[in-house]
Amino acid sequence: MGLIERLLGLVFGGGRNVVAETAEVFRVNAEAEAARNHDLRSSALQQFGQEFRIVRRSWFDRFMDALNRVPRPAMALGTLGLFVAAMVDPVWFAARMAGIALVPEPLWWLLGAIVSFYFGARHQAKGQEFRNQLAATMAAVPQVVQTVREVESLRHVTPEPVGQDDAQEDIPDAQFSDNPALADWSAKTKS
């Protein structure tokens, strides 16, 4: 008995498990790997949440955003206005187009670069804002799914109307047996 005890103490003694430690050299500990994966996913979600948190914007930010919305509609409506002006007053239109023909070519290149950068930056900013809104929506999905399941579970439930007298009759007297005051009240209301 002493020999077996010493042998088991050698293998499993001192709070160690030599068999498990040896097996972990050849195969990953599944429980430890699951814990590492959980920590990795949790920290990734936390970082993702901080990156895409919704920030309250000041009145100045909202004003600048509104001001940034003006150039595209102005250019589109201005171009349509030029077509209308050409039909309404061709002489006035010809004078304006002659003035535009005098603009030097480097100025046209500068205007093209400014417009390109403006629309490129605006496209990027709106794309990031869209991703922020998408992340906020995706974060709310589990709660919405749970709410839908709760509502769907009520689909076939039809409550029956209960009157005052019916409610008192439905309660069996056995429920009041451990409370003398309720048993007395139940007996008085039924008589």
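The values are calculated or read from the model by the stated rules, or taken from the named source; none is laboratory data. It should be emphasised that the depicted structure is a prediction, and the values quoted were computed from it without experimental measurement. Cβ placement follows ideal geometry from the backbone for every residue including glycine, while neighbour counts extend to all protein chains displayed.
From the list 135, 98, the lone residue that is among the small types (Gly, Ala, Ser), exposed (fewer than 10 other Cβ atoms within 10 Å of the Cβ) and either closer than 25 Å to residue 69 by Cα or in the same structural domain as residue 65 (by TED's automatic domain parsing) (or both) is 98.
Candidates 43, 116: the one that is small (Gly, Ala, Ser) and not assigned by TED's automatic domain parsing to the domain that holds residue 21 is 116.
Got at least one residue in segment 116-133 being more than 30 Å from residue 48 (Cα to Cα) and either modelled with pLDDT under 90 or within 23 Å of the chain's Cα centre (by Cα) (or both)? So far as segment 116-133 goes, yes, one or more of its residues are more than 30 Å from residue 48 (Cα to Cα) and either modelled with pLDDT under 90 or within 23 Å of the chain's Cα centre (by Cα) (or both).
Looking only at segment 148-183, how many residues end up being surrounded by 11 or more Cβ atoms within 10 Å (Cβ to Cβ) and modelled with pLDDT of 75 or more? The total comes to 3. Remark: pairs (first residue in segment 70-91, over 15 Å from residue 118 (Cα atoms) and assigned to a helix (DSSP H, G or I); second residue among the hydroxyl-bearing types (Ser, Thr, Tyr) and modelled with pLDDT of 90 or more; Cβ separation under 8 Å; 6+ apart in sequence or on different chains) are absent.
In segment 31-71, of all residues being of a type in the set (S, T, N, Q) and exposed (fewer than 10 other Cβ atoms within 10 Å of the Cβ), the one that is farthest from residue 140 (Cα to Cα) corresponds to 58. If only residues of segment 108-164 that are in a helix (DSSP H, G or I) and among the basic types (Lys, Arg) are counted, the one that is nearest to residue 75 (Cα to Cα) is 122.
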